[in-house]
Each structure stands twice: as C-alpha cells, then as structure tokens.
Amino acid sequence: MTSLAAGDRAPDLTLFTQSGPVTIASLAARGPVVVYFYPKDDTPACTLEACGFRDAYEAFVDAGASVVGVSSDSAESHRRFAERHKLPFLLASDPDLVVHEAFGALKLLGLLPGRVTYVVDRERIVRHVFESQLLPRRHVQEALEVVRRLRPEKKAPGKRDGG
C-alpha cells in the first residue's frame, strides 16, 4: 500500500497505547490528530522527535489537537520511554505493523521503519503528510503549523453577537 496523501480519509483503527485502547475516530471527534510514526523508542533521533513533541505539547493542546506516536515497540517499552522523557501524549504499540500498513508508513528502503507524520482533521481527512528520516524536529514544526491553521476561530473577548 502507498502512503496516505493529503485529502485521503484516515482509517479508523484502534490504537493500543500505554494508557489503553483508543480509536482514531474518538480522538478526531475532539479535534485534529497528529499521528507520527517513528522507528524505535530511546534511539537518538526518535528521542529528539518525541521530546520535540513534548516541548510543543501545550501549543498542540491550545490548538485543540491530540498527538499520538506510533512504533512497533511494546506497550511496556512505550510506558518506560514516556516516563523517562516525561512525554504527555499517547504512544501506540503496533508490533504487527497493522497501523503502519493502513497509513502506508512502512519501512524505508526495506530496512528501517519509516518516520512520517500525518495531521488528520475532525472528519478523519488527512490534511498534511511529512516524511523525513533525517529531520525529526521538522515533524513537530510542520504538524504544529497545520493544526494551528485547522483551529476554529475564537471570538474576541468582550464582543457579543448583535450588539
């Protein structure tokens, strides 16, 4: 399967996270979802990327977005990784690569699990895809720019309708 592209509908799968199962649809119902695939817990680039999402997490929350990291590591590995680096977002375990395959985030050159980030809106439409093995910090920047654009406009304080 090829990677999902902007405009495609994201699959509604159950993600098995360190906090229990959650569906993509239930996350999307609350706002945009950043689903980022990464090769392995506690490797240098993956830790840099996860800590980038951690450091920007409040900005994602302010934009109404959820963040979920996905790798083939076990739920126990994710729990330790999240505790060690104080990661406030969900990490989904995908040992059989079902989620990877559904999104098309499979191995790079058949060797390394892919590093790709998807931003999915409330209707589960993919709004942005960024793929780069070598620029882990860029995944955070790209995703944050997109979720900020998807954020609904807020009314200015003190303004009333019709008044």
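Read-outs: derived from the displayed coordinates by stated rules, not from any lab. Because the structure is a prediction, the values reported are computed rather than measured. FYI the Cβ positions are ideal-geometry reconstructions off the backbone, even for glycines, and counts take in every protein chain you see.
Quick notes on this one:
- If you sort the three axes of the alpha carbon gyration tensor as a ≥ b ≥ c, you get a/c under 1.5 for region 14-132, which makes it rounded.
- For region 53-112, a simple Cβ point-charge model (Lys and Arg +1, Asp and Glu -1, everything else neutral) yields a dipole of about 180 debye relative to the Cα centre.
- Length added when fully stretched, LEU48-VAL61, from 0.36 nm per residue minus Cα-Cα: 2.7 nm
- Share antiparallel - DSSP beta bridges, the chain, percent rounded to 5: 65
- About the Cα centre, charge dipole magnitude for the chain (Lys/Arg +1, Asp/Glu -1 at Cβ), debye: 620
- DSSP-loop trypsin sites (Lys or Arg not before Pro) across region 13-99, with at most 13 other Cβ within 10 angstrom: ARG30, LYS86
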